[in-house]
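Remarks on the structure that follows.
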Amino acid sequence: MAMKTTLVGGFPKIGDRIEEQKLRKSFHQFDKDELSEEALEQVKDEVTEEVIQLEEANGIDLLTDGLIRWEDPLRYFVSRVSGFELSGLIRYFDTNTFYRQPVCESRLETIKPIFVRDFEFARGKSSKPVRVILPGPFTIAKLSVNHFYKEQKQFVFDLAHLIHKEALQLEEAGCEFIQFDEPALLSHKEDIRLFFDVYRIVTAQLSKSEKTIFFNFGNIQDIYPKILDLPVERLGFDLTQGHPNWEVLAKAKMTKKLMAGIIDSRNTKMEREADLLSLVGGLGSIADPDETWLTHNYSLEFLPRENAIQKIKLLTQVASQQKGAGVS
Amino acid sequence: MILETTTVGSFPKPEYLTKSRFQFSKQQISREELLRLEQQATKEWVEFQEEIGIDILVDGEMYRGDMVTYFAENFKGFEISGLVRSYGNRYYRKPVAVAEIERLNPVTVEWYQFTQALTKKPVKGMLTGPYTIMDWSFDEFYPSRRDFCLRLAEVIREEARDLEAAGAQFIQIDEPAVSVRPEELDLAIEAMGIVTNGLKAKTLTHICYGNFEKIYPKMLEIPVDQIDLELSNAEYDLLDLFKRHPFTREIGLGVVDVHSHRLESKEEVKKRIRKAASLIPLKQIYVSPDCGLKTRSVEEAKAKLRVMMEATLEVREEFGSEGA
């Protein structure tokens, strides 16, 4: 059986060709009151559809909607939650990209589902399964300021309940694959017990979908194999060549399904196919190869669109080579 | 004088220049015509800085797009990538190292000379640091980040020496990226040492938008005379760190937020200066905006600079005899 391919989340919203820049242009027009909000949403849908088609055309097995509607990793969610205000720009981990820092000013509440419509839209555009990416509550809390809750724990738990609600609604809508992005755990490993408490809340009663937690911006030393006890079916890690995670994973058998980020999406340098095939060969000793997904290590938005496409092509090429090797 | 004032580097481009840069990219106007307009805009900004009484001037970077890409475009060994998003609807092109980096000619010296000839006040030579150019570029050539960074340090050193030889009394080497990877701070310090070693000009670096808690007080080891910091954006939380460990260098004190449309009140700015003055000796404090002002409109940038100057003058009065 072949390893499946997927994207970890975001895809570049624009490219260098004029016809790939309509979203950027539409935002400019919207800012100048030359375009209505409805028309802007329409353009977001069009670009989302193009990205889905692009993933499919390049052989990706499990699609995402490319997070085209997301302004930054937190804002799309928090700006739809009552209780949050947005503050100044903050650098997102060690990147040269920024996010508006959420500030919690009152009890957090959502009035209507945030991600279901996006899932249904994406599902309607492809016959392949669509994975939905959700911002992880632990990371949202770590990257936000809490002015309301007396205890930080209560703030995280309320966020966990909100994300749980979203996941439940996604399951009801038929979503089979849900991913929670939790980069912040790797820089706050001391909070691992709290992280377990958070995921008990997030995953309660979720029985229909396969749940993944994706970790990047660091390594899993000191929290592995402990994280194998998390109540999800799959864990995703940065497993590019030479990454410390390789050494850590060698220490204990992976008892969960693996999503392996083997391609570097923060550098334009193309990996050699032979090197990637060798990495993929090494995955066999870490986790069940039949259940392993191949992907990249960070959002593809860190690359220009043309380079992102080249990396996707390489990913699917490697997966198909691996399949060939498996058959022989 | 106490509380000398300066700015971090970039100013917004006037509309006629933005339009001309677009026309130039479409080959609708000549390089000479673009240069004429860049010089005109530079003159206008120098006049404005003199008018409001800023002490140490900048050229405003009317001829630069992005602070890293500008240098990459002028160094051999770099190519320029497609568009990458930084935040919101803002995109930029990243350099890609594809061969050994070399400087064939001085890059900023002519602009320094042009601007300095317009004023009797000192004009800063403005460079981007090796660590930041490395961190904000793609690398398809060097085997490691360290190799890439140290090569860039040698190239930037050549530029700094040429600026000094051209008369620059202040050379600013911006390193906004050093605040995000504490584990690489030693590399950034080593690279800055290569750039500033032997320079007689006053050297400065600008650092912003990062996790200062993790690099302070170690960042005081960056071998420059003055460290300019973004402080307003984080509501001056950073100053609490200085209570625990004194800030031993000169500080460029960011007093207005460059990413907010909101105009600070004079009282707010005065309060920020006073707060810093309670922790850092007055003679070590230089007043500036948080960062380059190029993302604001010309009007917003001018208004923020005016408030900065008015507040500084009043605080100078307050501290008058103490600072003399």
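A single member of A:Gly66, A:Gly59, A:Gly88 is closer than 30 Å to A:Lys323 by Cα, touching a residue at least 12 places away in the same chain (Cβ under 8 Å) and within 13 Å of another protein chain (Cβ to nearest Cβ), and it is A:Gly66. Within the range A:205-217, residues that are on the phi < 0 side of the Ramachandran plot have Cβ atoms under 8 Å from residues that are outside any loop (DSSP other than H, G, I, E, B) and of a type in the set (Ser, Thr, Tyr) in these pairs: A:Lys211/A:Thr203; A:Ile213/A:Tyr199, counting only partners at least 6 apart in sequence or on another chain.
Pairs please, first residue from the range B:259-280 and over 25 Å from A:Arg100 (Cβ atoms), second anywhere and polar (S, T, N, Q), Cβ atoms under 8 Å, 6+ apart in sequence or on different chains. The qualifying pairs are B:Ile273/B:Thr312. The condition of being part of a helix (DSSP H, G or I) and within 12 Å of chain A (Cβ to nearest Cβ) holds for only one of B:Glu159, B:Glu184, B:Glu154, B:Glu164, that being B:Glu184. Scanning the range A:146-161 for residues that are over 12 Å from A:Leu74 (Cβ atoms) and either in contact (Cβ under 8 Å) with a residue 60 or more places away in the chain or of a type in the set (A, V, I, L, M) (or both) yields A:Phe148, A:Val156, A:Ala160. The condition (being in contact with a strand residue (DSSP E or B) (Cβ under 6 Å, 6 or more places away or on another chain), touching a residue at least 12 places away in the same chain (Cβ under 8 Å) and within 14 Å of chain B (Cβ to nearest Cβ)) is satisfied by just one residue among A:Leu74, A:Leu134, A:Leu108, A:Leu143: A:Leu74. What do you reckon, is A:Thr48 in contact with a strand residue (DSSP E or B) (Cβ under 9 Å, 6 or more places away or on another chain), touching a residue at least 24 places away in the same chain (Cβ under 8 Å) and either among the basic types (Lys, Arg) or not assigned by TED's automatic domain parsing to the domain that holds A:Glu166 (or both)? Spelling it out, it is not the case that A:Thr48 is in contact with a strand residue (DSSP E or B) (Cβ under 9 Å, 6 or more places away or on another chain), touching a residue at least 24 places away in the same chain (Cβ under 8 Å) and either among the basic types (Lys, Arg) or not assigned by TED's automatic domain parsing to the domain that holds A:Glu166 (or both).
Out of curiosity, is A:Ala274 out of contact with any helix residue (DSSP H, G or I) (no Cβ under 7 Å at 6 or more places or on another chain) and modelled with pLDDT of 95 or more? So A:Ala274 passes the test. Elements of the type strands (runs of 3 or more DSSP E) sitting completely within the range A:76-179 and holding at least 1 residues that are in contact with a Cys (Cβ under 8 Å, 6 or more places away or on another chain): these cover A:82-91, A:131-135. Taking the criterion of being in contact (Cβ under 8 Å) with a residue 24 or more places away in the chain and surrounded by fewer than 17 Cβ atoms within 10 Å (Cβ to Cβ), the residues of the range B:48-64 that qualify are B:Glu50, B:Ile52, B:Gly53, B:Asp55.
Counting only residues that are within 14 Å of chain B (Cβ to nearest Cβ), in a helix (DSSP H, G or I) and touching a Leu at 6+ places or on another chain (Cβ under 9 Å), the range A:269-309 holds 6 of them.
Cβ separations smaller than 7 Å between residues 6+ apart or across chains give the following pairs from the range A:278-307 residues that are in contact (Cβ under 8 Å) with a residue 40 or more places away in the chain to residues that are in a helix (DSSP H, G or I) and among the polar types (S, T, N, Q): A:Val280/A:Gln322. Highlighted here are the strands (runs of 3 or more DSSP E) found entirely within the range B:45-145 that include at least 2 residues which are within 11 Å of chain A (Cβ to nearest Cβ) and within 27 Å of A:Glu271 (Cα to Cα): B:76-87, B:90-102.
Summed over the range B:75-108, residues that are modelled with pLDDT of 95 or more and aromatic (Phe, Trp, Tyr) total 2. Yes or no: the range B:80-88 includes at least one residue that is within 22 Å of B:Ser20 (Cβ to Cβ), within 16 Å of the chain's Cα centre (by Cα) and among the β-branched types (Val, Ile, Thr). No, there is no match, as no residue in the range B:80-88 is within 22 Å of B:Ser20 (Cβ to Cβ), within 16 Å of the chain's Cα centre (by Cα) and among the β-branched types (Val, Ile, Thr).
The values are calculated or read from the model by the stated rules, or taken from the named source; none is laboratory data. Just so it is clear, the model here is predicted, and its values are computed rather than measured. Here Cβ is always computed from backbone atoms with ideal geometry, including for glycine, and neighbour counts include all displayed protein chains.
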